[in-house]
Amino acid sequence: TSMCMNEGVLFCTIKEPAFKIWYATDIDAENVGNISSNSGYISLEDELGDARKIVAFNESVFVFRDYGISKINYVKNEATVSQVYLSNTKIFTNTVNVCGNVIIFMTKDGLYSFNGVKVTKTSVDIRDMLTDNNDSAVASSLGNNYMLALKLDFKDDKTVLCEEGTHVNNAIVIVDITDYSYQIIRGVDVQSLLPIKTEVFEKMIVTFNSG
């Protein structure tokens, strides 16, 4: 399940059926089930696939789906949807993250950026190392740094740290979106990334799949 707020309207996806987006304007914080009549849902039954992640960005709402991006337009208590982007390969929606003035996400073809209008393939050159199974890839961002945990095939005979045993992911790619320079840290099996921001510091909390 994914949700966001935009201009006083709550939008959310649900696991089943995954092709529907629910929305509501008036929600009782003390009784979540008490939703006003200004609510409803949109069915996304087209070739882009199921709705996986919903993001408020640049005063708009975008739905990242298995094979594309849709935009939700909400006017006078009615929501409509339009296609923004169709992908030739699967989008790993747990890698979708707002970073600076763009949204970064990964497909089986590499890393892409989305500015609210146009999708552009980045210069981060990891395509040849991507494995077929990256459903456990996750991402987050801190400042202008996009951090992606995933499984890469380094195409050598080496085993580094977590690669010596059972692992889900084996690398972190850190991308500076100001110039798309990047570094790869190998041998870490990351499960989740959580940014912590206070008035004093900014840190990324990392959890691991294995010790």
- Specify whether the C-alpha gyration tensor of the chain places it in the rounded, prolate or oblate class, a ≥ b ≥ c being the square roots of the eigenvalues: rounded for a/c under 1.5, otherwise prolate if a/b is larger than b/c and oblate if not. prolate
- The simple spin-label model distance between Leu142 and Lys203, using points 7 Å out along Cα→Cβ, in nm, is 0.9
- Item | Probe 1.4 Å - accessible area at Val160, Å² to nearest ten | 40
- Message: In whole percent, and with a 1.4 Å probe on the protein chains, what portion of the accessible area of the chain is carbon and sulfur?
- Response: 47
- Query: How much accessible area does Ser82 have with a 1.4 Å probe, in Å² rounded to the nearest 10?
  - Reply: 50
- Note on the structure: Using a 1.4 Å probe on heavy atoms of the protein chains only, the accessible area for Lys108 in Å², nearest 10, reads 100
- Item | Percent RCO, i.e. relative contact order, over region 82-156, from Cα pairs under 8 Å lying at least 6 residues apart | 27
- Restricting to lysine pairs 8 or more places apart or on different chains, what number in region 81-211 have Cα atoms under 24 Å apart? 13
- Probe 1.4 Å, heavy atoms of protein chains only: per residue, the accessible area of the chain in Å² is 55
- Sorted by accessible surface (1.4 Å probe, heavy atoms of the protein chains only), largest first, Asp128, Asp46 come out as Asp128, Asp46
- Message: Using only the heavy atoms of the protein chains and a 1.4 Å probe, how would Leu150, Leu86 rank by accessible area, largest first?
- Response: Leu86, Leu150
- Query: In percent, how large is the relative contact order of the chain, given Cα pairs closer than 8 Å and 6 or more residues apart?
  - Reply: 10
- Summing +1 for each Lys or Arg and -1 for each Asp or Glu, what net charge is found among the other residues whose Cβ lies under 14 Å from the Cβ of Gln83? -1
- What list of ³J(HN,Hα) values in whole Hz, one per residue of region 102-116 in order, does the Karplus curve 6.51 cos²θ - 1.76 cosθ + 1.60 (θ = phi - 60°) give from phi, with Gly and Pro shown as x? 9, 10, 9, 8, 10, 10, 5, 9, x, 9, 10, 10, 9, 9, x
- Note on the structure: Taking r as the C-beta separation of Arg186 and Asp157 and R0 as 22 Å, the FRET efficiency to the nearest 0.05 is 0.95
- Message: What's the magnitude of the charge dipole for the chain around its Cα centre, counting Lys and Arg as +1 and Asp and Glu as -1 at the beta-carbon? Answer in Debye, nearest 20.
- Response: 200
- Message: So if the hydrodynamic radius of region 131-179 is defined as the Kirkwood radius over C-alpha pairs, what does Stokes-Einstein give as its diffusion coefficient at 25 °C and 0.890 mPa s, in µm² per second?
- Response: 203
- Separation of alpha-carbon centers, region 73-98 and region 107-141, rounded to whole Å: 16
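The values are calculated or read from the model by the stated rules, or taken from the named source; none is laboratory data. Predicted model, so just to flag it, every value in this text is computed and none were measured. No Cβ is skipped: glycine too gets one built from the backbone with ideal geometry, and neighbour counts run over all protein chains shown. We work out accessible area using only protein heavy atoms, side chains counted, and drop any ligands, DNA or RNA first. Shrake-Rupley method; radii C 1.70, N 1.55, O 1.52, S 1.80 Å.
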